[in-house]
Each structure stands twice: as C-alpha cells, then as structure tokens.
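The block underneath contains the structure these notes are about, expressed in structure tokens.
The values are calculated or read from the model by the stated rules, or taken from the named source; none is laboratory data. Keep in mind that this is a model prediction, so the values were computed, not measured. Cβ sites come from the backbone with ideal geometry, for glycine too, and all protein chains shown count toward neighbours.
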Amino acid sequence: MKTKVAIIGGSGLYDIEGLQNPKWVDVDSPWGAPSDAILTGELRGVDVAFLPRHGRGHVHSPSTVPYRANIDALKRLGCTDVISVSACGSFREHMAPGDFVIVSDFIDRTFAREKSFFGTGCVAHVSVAHPVCARLGDAVELAGRAAGVTIHRGGTYLAMEGPQFSSLAESKLYREVWGCDVIGMTNMPEAKLAREAELCYASVAMITDYDSWHPDHGSVDISDIIATLAANSVAAKSMVVDFAARLGQTREACPCGCDRALEFAIMTTPAARDPILLAKLDAVAGRVL
C-alpha cells in the first residue's frame, strides 16, 4: 500500500512549509463540510494531506470542529496515517511549556460532539483500549528529537469540552486524582473517529502552559499561550517533514491492527442495515461493507 500522511494542524499550525506540488482541494463529505479545504502535496517523496483543524483564520471552536467530516474527507483522499498536532496545557512540572508530548491515552470529557460514524441502522463497536498507533509514535519520537524538540514519550490527555479553560478545582482533579498529564480540547472524538475509519493515529501535544494548578503560574494567560505557540510551530513544521520521510512511500499492514479495527465491529445484520447510513459510510467502512 502507498503511504499517504494526513497532518491535522491545531492552534499554531496552519500550514506546512516545504510542500512540493501544493494544491488546496475541496472534498465533499456526506458528514458535512470539513474544517477547510485540504492542502495536498509531497514531503520528501511522500504524499501528504494537511488539514487545518480550526480552519484558516481559526474560525472553528473546539466544539464546532466538524470532526466526522474531517476524518471522512481524509479517508476519501486515500490517507493511511494521521498525525494530530495540537496545543495543550501541562499537569506535570517536568513537562514544561515548549515541550512536546506523544500522547499514549485519553480521558474523554467532551459532551457536545458527535462521536461515531455508526448508529441506528448500522451499529458498530471498535476498541479504543489503545487509541494511538505505536508505530507512528516511534516515527514521531525520532522526528521530534531530530528537530531538536524536548519530547516526552507517553502521557494521558484529558479532553475537555471548552472553550473555557479549567477551573482551579478541575485542574487539581485531573492532575492529582485522575493522574492526567496534559489537557486539551480537540483530540476527542478525533482519535475515536480515526479508529472507526481504520486510520493509524498519533497525537503530538505541544505544551503552551501549566493550566491553572501551578502555584507559580496561576490562571492561564492567552498572551503567553500565543507566544509559546509561535515558537512551537517552527519546531512542529520541521518535525512533520521528518516524520513523513521516516514513514516512507510504502507501508505494510499496521502491526497494531489500526487498519483492521472494523474487522469484527459491525453488529447489525445485513438485512437490517439502513441503506442511507450505509451510503454515508462508503469511505469509512467500505472495506468491510
């Protein structure tokens, strides 16, 4: 299979430099319009599709990002692997602003978003026990270190609804009781939907602040976040170029099974399946339907 890397850029990462044969393309999705057109091209010989999660100009809030349309559109373009880059706050002293974290797990506290492609008329249950792809994580770690980033391998990401930042009590709960490492607003349901679409997924959290738990930093200051984002984005752009090159132009079946997540997931019998929903699932689940 030919590799095609999808890069979902969050706050601070709105474009990719060094892309060869760049072209913005509009992708029609039965799940609505994606966040923006998708920038396609090549990085060191590897096909790439870049999607600004919030849209150019940052027009979508975390709650209004069209997550299903985004993942569906990337699948329709033939993407095989997804790297998500997003800003986050840190619950750990040693995970400092400017550092990157390769996320290993999630706690999903979002509540105002559609979280599945499946539902009445075609029910499916996929496992997200291990929601990120270790193979992609290995490539991200090497690429991050090559870019000179202080990068931490492993961390639990608390996905909150937003758009407000945490209260002090919430921040302490997530850190001290739940044992989370970073906090953000956009990796869920994105990671769940990528798994349903049988796309390998890795998340890189770019730390901008210490959230509100830190006694020496107090409440989150948006001006400080923006300044850190600007510095992070330079390193992130270098990292994703190297990441694509490390994956290479061809790929074998994922050893983690991400690309076979739907193998036994669909529960609804063929005779009872809703043809309207099936039509919408043509890209996401066409392999098994």
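Being among the acidic types (Asp, Glu) and in contact with a Leu (Cβ under 8 Å, 6 or more places away or on another chain) is the filter here; which residues of the range 168-221 pass it?
GLU196, GLU198
Does any residue of the range 210-228 turn out to be within 26 Å of PRO131 (Cβ to Cβ), in contact with a Pro (Cβ under 8 Å, 6 or more places away or on another chain) and part of a strand (DSSP E or B)?
No, the range 210-228 has no match at all.
This table checks each residue for (1) touching a Cys at 6+ places or on another chain (Cβ under 9 Å); (2) farther than 30 Å from ALA285 by Cβ; (3) assigned to a loop (DSSP other than H, G, I, E, B).
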| position | (1), (2), (3) |
| --- | --- |
| PRO131 | no, no, yes |
| TYR157 | yes, no, no |
| GLN164 | no, yes, yes |
| LYS192 | no, no, no |
| GLU198 | yes, no, yes |
| MET206 | yes, yes, no |
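Filtering the range 138-154 down to residues that are outside any strand (DSSP E or B) and over 17 Å from ALA244 (Cα atoms), which residue is modelled with the lowest pLDDT?
THR150
Inside the range 273-289, can you point out the residues that are touching a residue at least 24 places away in the same chain (Cβ under 8 Å) and more than 22 Å from GLY78 (Cβ to Cβ)?
Result: ARG273, ASP274, ILE276, LEU277.
Across the range 222-244, which residue is farthest from TYR201 (Cα to Cα) among those that are of a type in the set (D, E, K, R) and more than 17 Å from the chain's Cα centre (by Cα)? Steps first, please.
Filtering the range 222-244 down to residues of a type in the set (D, E, K, R) leaves 224, 237, 242.
Cutting the leftovers down to more than 17 Å from the chain's Cα centre (by Cα) gives us 224, 242.
Working: ASP224: 29, ASP242: 17 Å.
Selected residue: ASP224.
Let's see how each residue does on (1) modelled with pLDDT of 95 or more; (2) over 17 Å from GLY144 (Cβ atoms); (3) not acidic (Asp, Glu):
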residue	(1), (2), (3)
GLY78	yes, yes, yes
ASP81	yes, no, no
SER84	yes, no, yes
SER90	yes, no, yes
PHE106	yes, yes, yes
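What about SER171, is it part of a loop (DSSP other than H, G, I, E, B), of a type in the set (S, T, N, Q) and out of contact with any His (no Cβ under 7 Å at 6 or more places or on another chain)?
So SER171 does not fit the description; no.
When the residues of the range 1-60 are filtered to those that are of a type in the set (Gly, Ala, Ser) and not in a loop (DSSP other than H, G, I, E, B), which remaining residue is surrounded by the fewest Cβ atoms within 10 Å (Cβ to Cβ)?
Only one residue tops the list, namely GLY41.
Please go through the range 68-94 and give me each residue that is surrounded by 21 or more Cβ atoms within 10 Å (Cβ to Cβ) and over 27 Å from GLN249 (Cα atoms), ordered by number.
Scanning the range 68-94 gives ALA87, CYS88, GLY89, SER90, PHE91.
Which number in (1) at negative phi; (2) touching an Asp or Glu at 6+ places or on another chain (Cβ under 8 Å) marks the one condition that VAL123 misses?
Every condition holds for VAL123 apart from (2).
(1) closer than 17 Å to LEU247 by Cβ; (2) basic (Lys, Arg); (3) within 15 Å of the chain's Cα centre (by Cα): which one isn't true of ARG44, the others all being true?
(3)
Does ALA244 qualify as being in contact with a Pro (Cβ under 8 Å, 6 or more places away or on another chain), part of a helix (DSSP H, G or I) and among the hydrophobic types (A, V, I, L, M, F, W, C)?
no
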